[in-house]
Amino acid sequence: MRLALLALLARGPAHGYELKQDLEQLLGSAYPQPNVGQIYVTLGRLEKSGLIEGEDVEQSSRPNKKVYHLTDAGREALHVWFEETEDEPRVRDEFFMKLALAPQTGLADQITLINKQRRQYLTTMRSLSKLAAAENRDNRIAQLLIEGAMLHLQADLDWLERCQEELE
Amino acid sequence: MSEDSVPVLRAEGLVKTHHGEGAPAHAVRGVDLSVARGEFVAITGPSGAGKSTLLHLLGGLQRPDEGSIWLDGRCTDSFGEARWAVERRKAIGIVFQFFNLVSNLSVADNVELPALLAGASPKQARAEREALLAELGLAGKERGMPGELSGGEQQRVALARALVNHPPLLLADEPAGSLDSKGTREVMRLLSRFHARGQTIVLVTHDARLASAADRVISFFDGRIADDAALDGAPPRRAGISGVLELKD
């Protein structure tokens, strides 16, 4: 979220609510409920660390609004952001540890664990396909985000299948 | 029993062993299954788990060594080849991974042929074909030959052919197995649409994305049902969908 907000401010100054709308427009329904409170908190932190600066703008019949702009340090942080590659998604997660340790504890059955986990992944996959169907097809960014999430889940499901083949 | 409570499809104790050159392959090892009217069931599992064999048994393309199948409450034990062929024309539509269209017939003829064989008048058959092809976004392609179409388009023609006689049951065997990601989404969208209108569907797929379009997913391993899960009505989870999409921090 921090860097996404910085990146939106690279185009020019904006206030919190505008940034929320920009995010909504960019990510469509694929972005779960942008929380305006969270955006203000993040902007506050960014300001504290000197990456952006806020300026109060008077409004006639409303409280002042704060318009933020990027500082030189903020622009530098963005350069670093674009320069770096990102970590791979996790492989050894909590589920894996449960699966690995279940037989020794005698407290859980591996196949039951796999089946339960698969149900959850499938349910989430189903929500994602519904989301993809509901999202505007022309919003390519939103569609790609959903498709990416689905492909990751698919890999997780394929891996569960492998676990079941090996452990059954 | 009222008509609605009779399952469209029921199987009990299905067993099928393939006797090839090597050791006998136990493709289906005791399967009980009931599919209610309007249900969309996906059968998933690794390749070689026997899920395609199961689908072939359900469509009468292969006969079980043991067990029985009921279509709309009718026991099929005594059905011969010819009778199954009639069922596949009227009661069961099937789509396959490689479309299996008749390559030297036009798109229109591929779709109309099963209607004519089932006793529809040429006029009715044409009307059904026109409506289905329009619905599947293939209007204007009816004079083309299957070989001139993309894979996704061929699968849509196969879907039209399978549905032209309004069968109560649609069986789909890896319908997106030879399609790209875009074609897969298209097949998914169409199956969901027909299901929303009440079509009963049994889909075999190794593709979890496709399976998630169904409202019930059966996990098939080593010839047996390992899990049978209804996807709707599951309790809300902590992370779920927002967990996989959200921007951190």
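The values are calculated or read from the model by the stated rules, or taken from the named source; none is laboratory data. Computed from a prediction, not measured in an experiment: that's the story for all the values here. Here the Cβ positions follow ideal geometry from the backbone for every residue, glycine too, while neighbour counts run over all protein chains shown.
Criterion first (assigned to a loop (DSSP other than H, G, I, E, B) and without any contact (Cβ under 8 Å) to a residue 40 or more places away in the chain) does B:G60 satisfy it? For B:G60, the condition - assigned to a loop (DSSP other than H, G, I, E, B) and without any contact (Cβ under 8 Å) to a residue 40 or more places away in the chain - is met. Residues in the range B:93-133 that are assigned to a loop (DSSP other than H, G, I, E, B) and of a type outside the set (A, V, I, L, M, F, W, C): B:Q97, B:N100, B:S103, B:N104, B:S106, B:G119, B:S121.
Given the criteria under 30 Å from B:R209 (Cα atoms), at pLDDT below 95 and in a loop (DSSP other than H, G, I, E, B), does A:E24 qualify? Answer is no for this residue.
Residues that are over 30 Å from B:S150 (Cα atoms), surrounded by fewer than 17 Cβ atoms within 10 Å (Cβ to Cβ) and not aliphatic (A, V, I, L, M) within the range B:77-120 comprise B:D77, B:S78, B:G80, B:E81, B:R83, B:G119, listed in sequence order.
Restricting B:A125, B:A134, B:A118, B:A139 to residues that are at pLDDT below 95 and touching a Leu at 6+ places or on another chain (Cβ under 7 Å) narrows the list to B:A139. Selection within the range A:27-43: residues that are more than 10 Å from chain B (Cβ to nearest Cβ) and surrounded by 15 or more Cβ atoms within 10 Å (Cβ to Cβ). The member of this set that is modelled with the lowest pLDDT is A:G28.
Is it true that some residue in the range A:78-92 is touching a strand residue (DSSP E or B) at 6+ places or on another chain (Cβ under 9 Å) and either in contact (Cβ under 8 Å) with a residue 60 or more places away in the chain or closer than 30 Å to A:E47 by Cβ (or both)? Yes: one or more hits.
Would you please name the residue that is nearest to the other protein chains (Cβ to nearest Cβ), looking only at residues in the range A:130-168 that are within 17 Å of B:T184 (Cβ to Cβ) and touching a Phe, Trp or Tyr at 6+ places or on another chain (Cβ under 7 Å)? Checked the range A:130-168; the qualifying residue nearest to the other protein chains (Cβ to nearest Cβ) is A:L157.
Which is surrounded by 18 or more Cβ atoms within 10 Å (Cβ to Cβ), among the β-branched types (V, I, T), touching a Pro at 6+ places or on another chain (Cβ under 6 Å) and at pLDDT 95 or above, of B:V8, B:V41? Answer to the selection: B:V8.
Against the criterion of being assigned to a loop (DSSP other than H, G, I, E, B), modelled with pLDDT under 95 and not basic (K, R), B:F79 does not qualify. The selection criterion, being closer than 27 Å to B:K51 by Cβ, in contact with a Lys or Arg (Cβ under 9 Å, 6 or more places away or on another chain) and of a type in the set (G, A, S), holds for B:A176. Filtering the range A:113-129 to residues that are more than 7 Å from chain B (Cβ to nearest Cβ) and within 13 Å of B:A208 (Cα to Cα) leaves only A:Y121. Under 26 Å from B:V164 (Cβ atoms), surrounded by 22 or more Cβ atoms within 10 Å (Cβ to Cβ) and of a type in the set (A, V, I, L, M, F, W, C): does that describe B:L61? So B:L61 does not fit the description; no. Of the residues A:L107, A:L113, A:L6, the single one that is out of contact with any Lys or Arg (no Cβ under 8 Å at 6 or more places or on another chain) and part of a helix (DSSP H, G or I) is A:L6.
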